[in-house]
Each structure stands twice: as C-alpha cells, then as structure tokens.
Amino acid sequence: MPRQFSNTNRKDILGMSKKLHFIFSDNRWLVPTNALSVSGLDALSHISLGAFNAQIEDAVHITHSGYGEHVLIDLYKEQVEHADYELLSLREALGVLPPPDFQHLAQAWQYATFLRHHKYCGQCGAQMHKVQWEMAMHCHRCQHRCYPRVSPCIIVAVRRDDKILLAKGVRHQTSGFFSTLAGFVESGETLEHAVHREIKEEVGVEVTNIEYFGSQAWPFPHSIMVGFLADYAGGDLVLDKNEILEADYFDVDNLPNIPPTLSIAGRLIEETVKRIKKS
Ligand SMILES: [Zn+2]
C-alpha cells in the first residue's frame, strides 16, 4: 500500500504558500533522490532551482493545492545527471505516490505534453502563445485556441456467474497481467456504446447491466479511464488477435497475475471479486 503523508509542513512557518516544482526531462519526472517515499510531494518544494537555470523563466503556473503553488518546468530533452536528483517514469511514480498525489503529477505531465505539442497552430501554422489566465495556447494570426486534450477510455470488468472475464492484451505483454478490457471512446459515441463495441470487438461477447464504477486520470499520455462493471449476456470468446493475446473466465479463488489496486483495473477486479463472493 502507498504510505499516507501528513498535512503538516505543507505551509511554511510564515504561512506563505510553498512552490512545488514539477520538473520533466524528456518523459521522466525529476525528484530529489529517495525523498518521495519519505515526504511525498512536499519533497518538490526543496528542489534547488540553481541546477536548472535555463528553463526557470519559462516556468508555468499550474494550480494551487493544500501543498502550495504547483509550477511546471520542462527541461524537454535535456538530460539531468545530478547526485541529488533522480528521474522516475510516470509508471514508477504510480507505484510510489498515494492516488491524490498521483493526480497532481498526472495534471502536471498532461500540461507539459500539451505545451510541447502546441507550439505551432494546427490551423494556420503560426507560432502559438500561452494564454496567461488559463491553460490554453492561442494563435494571434487566426485566433485558433487550443486546450489540453483529455481522451476518454472505457474500462470494464465483466462478470459471468461466479467468474470474471480477464484478458492479456498485446500491451500487457511485458507486465504479464491479465486485466479488464479497455478502449478509447470514439467520436460520436456515448460511454455505454463504447463499452458494448469494445468488448464485442476485442473478445466477441455481449454485455448487460452496465454500471458506472469510478474514474482515474491516466496520463499515458492524456486519458481518463472511466470504469464500469457489467454482466455477460451472450456470445463465445472470439479474440481480436491484434489487441488480445489470451482471454478467459477466471475463478475468483484462482486468479492469474492481475494489476495492483493502484490502478482502476485492479479496483474493478477487486470489486467484482467482492460481489461474487457475497452472492
Ligand atoms: Zn493560427
């Protein structure tokens, strides 16, 4: 379980707001070495900016939280080698931070990728400029304005009697997990349409009793996972081999290697198992 951090020390002794510096180098997050597991996001307020002179003037205000002001500094491709700092992938951070803190990191990373991807106007090609009062990029030539993209993805735990449908996706090859089915919502679809279509496409079955469960910001790179529980309604397992390596209905007392409950996939599986055991 991720450790919980206390709310003390989140303001300095004068009552002034602290600054938390979210610094990214390429696709990794810079944190003081070994400090996250001790003091959580508070560790970011102790970063010495002297080592990162070039980018400080481009620092971007993100938001305020109970920790203080969140500030984004993007080093782009610049490599950092400094004994006081280490670079974590976002997936490594997911395993270390409590969920509310991971959401702060997810926001900072999604803003960083947004600013990287919108230097030039997609409509006329002119340089874009950051809007001062909101997170947006604006083109002064054609007035096109862009906001950070959030791509909704549905993720579904399917129950069949006292078993749960789990699949090993092509993308899960390295982790070896069997997980819930997931896919992007397409233009013009409702979330419910996406649930029916994705499950039919990936494993060939129909579902019913679709029930909203919860959601999770998923910054890989800019998704929100919208979780549902559903019941099997019919059809044989026919796998889309481009997406799914293996799929089966598993006995809840004999589950394969599944994702941890840090992810909504893990929590959907946990909830389905709990309901099966209760019934
Ligand atoms: Zn333009």
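The table that follows gives values for the structure above.
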| read-out | value |
| --- | --- |
| Flag if K168 is under 26 Å from the mean Cα position of the chain (by Cα), away from the ligand (no atom under 16 Å from the Cβ) and among the basic types (K, R) | yes |
| Check on A106, outside the structural domain of T261 (by TED's automatic domain parsing) and surrounded by fewer than 15 Cβ atoms within 10 Å (Cβ to Cβ) | no |
| Answer from E211, E201 - the residue that is touching a strand residue (DSSP E or B) at 6+ places or on another chain (Cβ under 9 Å), in contact (Cβ under 8 Å) with a residue 24 or more places away in the chain and open to solvent by 60 Å² or more (accessible area, probe 1.4 Å) | E201 |
| Condition met for Q123 (surrounded by fewer than 19 Cβ atoms within 10 Å (Cβ to Cβ), part of a loop (DSSP other than H, G, I, E, B) and within 16 Å of the ligand (Cβ to nearest atom)) | yes |
| Of all residues in the stretch 139-151 being surrounded by fewer than 16 Cβ atoms within 10 Å (Cβ to Cβ) and under 26 Å from the mean Cα position of the chain (by Cα), the one that is nearest to the ligand (Cβ to nearest atom) | R145 |
| Residue list for the stretch 111-120, restricted to those being in contact with a strand residue (DSSP E or B) (Cβ under 8 Å, 6 or more places away or on another chain) and either open to solvent by less than 50 Å² (accessible area, probe 1.4 Å) or touching a residue at least 40 places away in the same chain (Cβ under 8 Å) (or both) | Y111, A112, F114, L115, R116, H118 |
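The values are calculated or read from the model by the stated rules, or taken from the named source; none is laboratory data. These numbers were taken from a predicted model, which means no experiment stands behind them. Don't worry about glycine lacking a Cβ; one is built from the backbone with ideal geometry, like all the others, and counts go over all protein chains shown. All accessible areas refer to the heavy atoms of the entire protein, side chains included, with ligands and DNA or RNA removed. Shrake-Rupley method; radii C 1.70, N 1.55, O 1.52, S 1.80 Å.
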